[in-house]
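**Student:** One structure, as structure tokens, below. Some questions next.
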Amino acid sequence: MTTDAEFIRALPKAELHLHIEGSLEPEQMFELGRRNRIALPFKSVEEVRAAYAFSNLQDFLDIYYQGAGVLMTEQDFHDLAMAYFRRVAADGCRHVELFFDPQTHTDRGLPFSVAIEGLLSGMAEAKASLGITSKLILCFLRHLDEDAAFATLKAADPWLDRIVGVGLDSSEVGHPPSKFAGVYRAARERGLKLVAHAGEEGPPAYVYEALDILGVDRIDHGNRALEDPALVARLAKSGMTLTVCPLSNLKLCVVDDLKAHPMKRMLELGLHATVNSDDPAYFGGYLAENWLQTAQALNLSRADLITLAKNSFTGSFLTPAEIAAHLTEVEAYAAGEVS
Ligand code: ADE
Ligand code: ZN
């Protein structure tokens, strides 16, 4: 029998919750800082890593937005994306649906085109050189107002055929999904998929709002939905995908211990949960590490892991034919492992 680590690495899987700016490793932060002549408030990589001790989401966001300040050119975004894709290629990842935060960059004076063109070129190279497919999701920063989100959607207009959907991230509490009802309606009218962070730190009411007011196709995180049995039943019945991020939950103190993580319970309750890394450079692990640490902490079975792999594809925005091809690959892998 293979070890959990071997089994997980070779298991075909997708990542559906990844902030590309959150894959900026301290080494690359220094390299880009030098390249763009931007001084960092840290003397060394070790000092940066030592600063990654967070008590909540806001602690992390403050340092994450600061780190993103070294990204200045299309080449920087291309290199950032490729560094991430190289890592997850080694994790058995076949497909990624990645978030980016355009307002973090346009508010620093970068033209809207810089981040998106750099990322799209990295995504094209990842497909050509690593065989990983990917789709891009534009996130609105929820601590800013809805007018700013509308301006971002307007700026994205020339690229809408290369964006699969929109998302909602940044500081959750005090910024409910309902604040963005209008811009989500506009995004839906443009044929975009809709996702939103909800229930990471915010209450179950925010998950209801994401479903009922925004009309989302996926919930990002969703942990706090478990506090409401009627909501759990609804999510399970509708097959709503939750993009859960175990190491992020640990680092941001959403859970005290991975052994107390709700992933196993989510599967038992029939929720369509997936495992993702969120901001891997900040939270101590890329995709396979999230899978491995969760599997070990919660004693997940091989059947659980296969369910999670299937969920990662069925919850994606790939076409039914593409999803079917990935599921065939997962099943072939599972059959080979068992026999
Ligand atoms: N932006 C990057 N990571 C995030 C997270 N986990 N929650 C909200 N906004 C984010
Ligand atoms: Zn996130």
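**Student:** Run the paramagnetic zone check for SER121: 7 angstrom along Cα to Cβ, then residues of region 56-83 with backbone nitrogen under 11 Å.
**Tutor:** The answer is 73-79, whose backbone nitrogens lie closer than 11 Å to the label point.
**Student:** Here's another thing I want to ask about it. Could you list, in their original order, any pairs among LYS237/LYS310; LYS127/LYS310; LYS43/LYS251 whose Cα atoms are separated by more than 25 Å?
**Tutor:** none
**Student:** Lys/Arg Cβ at +1, Asp/Glu Cβ at -1, dipole of region 5-334 taken about the Cα centre: which of PRO320, LEU258, PRO203 is farthest positive-ward?
**Tutor:** The listed residue farthest towards the positive side: PRO320.
**Student:** Can you sort THR133, THR152 by how many other beta carbons sit within 10 Å, fewest first?
**Tutor:** THR133, THR152
**Student:** So what J values fall out for region 257-274 if you push phi through Karplus, 6.51 cos²θ - 1.76 cosθ + 1.60 with θ = phi - 60°, rounded to Hz, Gly and Pro as x?
**Tutor:** 8, 4, 5, 9, 5, x, 4, 4, 5, 4, 5, 4, 7, x, 7, 8, 8, 10
**Student:** Fewest Cβ neighbours within 10 Å first, please rank LEU16, LEU269 accordingly.
**Tutor:** LEU269, LEU16
**Student:** For the pair ALA233/GLN75, report the inter-label distance in nm, with labels modelled 7 Å from Cα in the Cβ direction.
**Tutor:** Here the modelled spin labels are 5.9 nm apart.
**Student:** Fewest to most neighbouring Cβ within 10 Å: what's the order for THR2, THR294?
**Tutor:** Arranged by neighbour count, lowest to highest, THR2, THR294 become THR2, THR294.
**Student:** Separate question: Amide H of ALA273: which non-local residues (sequence gap of 5 or more, or other chain) have their own amide H closer than 5 Å, using H built in the peptide plane?
**Tutor:** For ALA273, whose amide H was placed from the backbone, the distant partners under 5 Å are LEU242.
**Student:** How many nm is it between the label spots at ALA51 and ALA181, if each spot is 7 Å from the Cα in line with the beta carbon?
**Tutor:** Inter-label distance under the simple model: 4.0 nm.
**Student:** Just want the answer: with Cβ charges of +1 for Lys and Arg and -1 for Asp and Glu, which residue in HIS105, ILE20, ALA10 is farthest toward the dipole's positive end in region 5-334?
**Tutor:** So the residue we want is ALA10.
**Student:** Can you give the local net charge around ILE38? Use residues other than it whose beta-carbon is closer than 13 angstrom to its beta-carbon, Lys and Arg +1, Asp and Glu -1.
**Tutor:** Here the charged neighbours net out to +2.
**Student:** Still on this structure, please answer the following. Give me the net charge for the shell around SER121: Cβ to Cβ below 14 angstrom, other residues only, Lys and Arg +1, Asp and Glu -1.
**Tutor:** Once all neighbours under 14 Å are counted, the net charge is -3.
**Student:** Output wanted: per-residue J couplings in Hz (rounded whole) for region 296-301, from phi through Karplus 6.51 cos²θ - 1.76 cosθ + 1.60, θ = phi - 60°, x for Gly and Pro.
**Tutor:** Running phi through 6.51 cos²θ - 1.76 cosθ + 1.60 with θ = phi - 60° gives 6, 5, 9, 6, 5, 7 Hz.
**Student:** Using each residue's phi in region 123-131, evaluate 6.51 cos²θ - 1.76 cosθ + 1.60 at θ = phi - 60° and report the 3J(HN,Hα) Karplus result to the nearest Hz, with x for Gly and Pro.
**Tutor:** For region 123-131, the Karplus curve yields 5, 5, 5, 4, 5, 5, 9, 10, x Hz.
**Student:** Using the Cα gyration tensor of region 188-339, with a ≥ b ≥ c the square roots of its eigenvalues, what is the shape: rounded (a/c below 1.5), prolate (a/b larger than b/c) or oblate (neither)?
**Tutor:** oblate
Throughout, read-outs are computed from the coordinates displayed, never taken from laboratory work. It should be emphasised that the depicted structure is a prediction, and the values quoted were computed from it without experimental measurement. Neighbour counts run over all protein chains shown; Cβ positions are idealised from the backbone, glycine included.
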